[in-house]
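To start, the structure under review is shown below, and the notes come after it.
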């Protein structure tokens with residue numbers, strides 16, 4: 001976040017933020033599972049979350065927090081995330097970054113906006129867990145096709161992201 005969010009111990013806070021839109025192109029005669037291409041109209045920037053040897057490469061997106069749904073966004077460039085932050089610790093916490101696993105995204109859209117709901121659970125000093133809700137940010141939005149799907153395997157790791165290197 002461009003300005004950190006401060007949250008009291010044991011409290012829950014709901015904010016709105018933005019995220020970059022990626023557009024997938026599918027061939028009608030091709031596989032419904034595999035896009036021909038994925039592109040974005042947003043400026044792309046990447047960052048490393050965690051330590052240099054074992055960290056996670058993430059898409060970097062600066063955003064402001066808001067208590068209301070942001071207006072006047074280009075839905076081809078930016079989407080709206082309704083984010084619920086739960087501070088389950090006994091201390092005040094400052095949140096300056098949130099990392100999500102793209103494979104868990106549940107994106108919805110209508111004529112004017114694109115959105116998704118996310119949650120962050122602060123569990124300890126530098127440990128939190130993030131994930132997505134399978135509900136739209138406002139009623140009557142359509143669910144987008146899920147492009148990033150976990151492959152089925154003998155070991156399922158889920159689609160939550162555990163933030164162990166700070167919030």
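Conditions tested, residue by residue: (1) at pLDDT below 95; (2) more than 19 Å from residue 56 (Cα to Cα); (3) in contact with a helix residue (DSSP H, G or I) (Cβ under 7 Å, 6 or more places away or on another chain).
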| site | (1), (2), (3) |
| --- | --- |
| 125 | yes, yes, no |
| 142 | no, yes, no |
| 147 | yes, yes, no |
| 154 | yes, yes, no |
| 158 | yes, no, no |
| 167 | yes, no, no |
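Screening residue 59 with (1) over 18 Å from residue 129 (Cα atoms); (2) surrounded by 12 or more Cβ atoms within 10 Å (Cβ to Cβ) gives one miss only, at (1). Within region 1-26, the set of residues being assigned to a strand (DSSP E or B) and crowded, with 17+ Cβ neighbours inside 10 Å comprises 5, 7, 13, 15, 16, 17, 18, 19, 20. For region 27-55, a residue qualifies if it is farther than 17 Å from residue 107 by Cβ, surrounded by 13 or more Cβ atoms within 10 Å (Cβ to Cβ) and in contact (Cβ under 8 Å) with a residue 60 or more places away in the chain, and the qualifying residues are 49, 50. Once region 130-141 is narrowed to residues that are in contact with a strand residue (DSSP E or B) (Cβ under 6 Å, 6 or more places away or on another chain) and surrounded by fewer than 17 Cβ atoms within 10 Å (Cβ to Cβ), the residue that is farthest from residue 84 (Cα to Cα) is 135. Among the residues of region 77-111, none is identified as free of Cβ contacts under 8 Å to residues at least 24 places away in the same chain and not in a loop (DSSP other than H, G, I, E, B).
Has region 120-127 got at least one residue that is outside any strand (DSSP E or B) and surrounded by fewer than 15 Cβ atoms within 10 Å (Cβ to Cβ)? Give the steps one after another, and end with the answer.
The initial filter retains those residues of region 120-127 that are outside any strand (DSSP E or B), namely 125-126.
With surrounded by fewer than 15 Cβ atoms within 10 Å (Cβ to Cβ) added as a condition, the list becomes 125-126.
Looking for residues that are outside any strand (DSSP E or B) and surrounded by fewer than 15 Cβ atoms within 10 Å (Cβ to Cβ), one finds at least one in region 120-127, hence yes.
Within region 58-69, one or more residues are within 16 Å of residue 18 (Cβ to Cβ), part of a loop (DSSP other than H, G, I, E, B) and free of Cβ contacts under 8 Å to residues at least 40 places away in the same chain. Looking at 25, 52, 15, 6, can you tell me which residue is more than 23 Å from residue 91 (Cα to Cα) and in contact with a strand residue (DSSP E or B) (Cβ under 8 Å, 6 or more places away or on another chain)? When all the criteria are applied, what remains is 25. When every residue of region 88-106 is checked against the conditions, none turns out to be in contact with a helix residue (DSSP H, G or I) (Cβ under 7 Å, 6 or more places away or on another chain) and at pLDDT below 90.
The values are calculated or read from the model by the stated rules, or taken from the named source; none is laboratory data. Keep in mind that this is a model prediction, so the values were computed, not measured. Positions of Cβ are generated from backbone atoms using ideal geometry, with glycine treated the same way; all protein chains shown enter the neighbour counts.
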